[in-house]
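S.K.: One structure coming up, written as C-alpha cells, with questions to follow.
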Amino acid sequence: FCPRLVLRGRAALFGHLFEQHHFTVGLPDNLVDVDELYAALKRRLDALQCVYCERTFRNAHLLRTHMRKKRHLRVNASNADYDRFYI
C-alpha cells in the first residue's frame, strides 16, 4: 500500500487517500467498519488486483497505471463485496 500513510483517524486516512492518490471510498460518513475496509483494500492491492474491476496484474506499476488510466481510483459501488462496509 502506501509507505507514507500513517493512520491517525478516519478524516486523515481518507484525506490522504484522496489528496495524494485521488482514491475515494464514497461518503466516509456512511462507512461502518473503516479498519476492515482498509484491510480488504490492502489485501486486494497486495494481490495486485484492481479494487474496482478486480483484474489482476503482474506488478504494482501495471496495476497503478491501469487504475489511473481507467479511473478505477474508487470502490465499485456495484460490487456487493463492499456492501458490508457501508450503511
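S.K.: Of the accessible area of the chain, with the probe set at 1.4 angstrom, what percent is carbon plus sulfur?
M.R.: The computed percentage sits at 51.
S.K.: What Rg and what Dmax come out for the chain when only alpha-carbon atoms are used, in angstroms?
M.R.: Reported Rg and Dmax, both Å: 12.4, 34.
S.K.: Grab the other residues whose beta carbon is less than 14 angstrom from that of VAL25, score K and R as +1, D and E as -1, and report the net.
M.R.: Numbers: positive: ARG10, LYS42, ARG44, ARG74, ARG84; negative: GLU19, ASP29, ASP33, ASP35, GLU36, ASP81, ASP83.
Computed value for this residue: -2.
The values are calculated or read from the model by the stated rules, or taken from the named source; none is laboratory data. None of the values given here were measured: they were computed from a predicted structure. Please note: Cβ atoms are built from the backbone with ideal geometry, for glycine as well, and neighbour counts cover all protein chains shown. Ligands, DNA and RNA are excluded from the accessible area calculation, which covers all protein heavy atoms including side chains. Shrake-Rupley method; radii C 1.70, N 1.55, O 1.52, S 1.80 Å.
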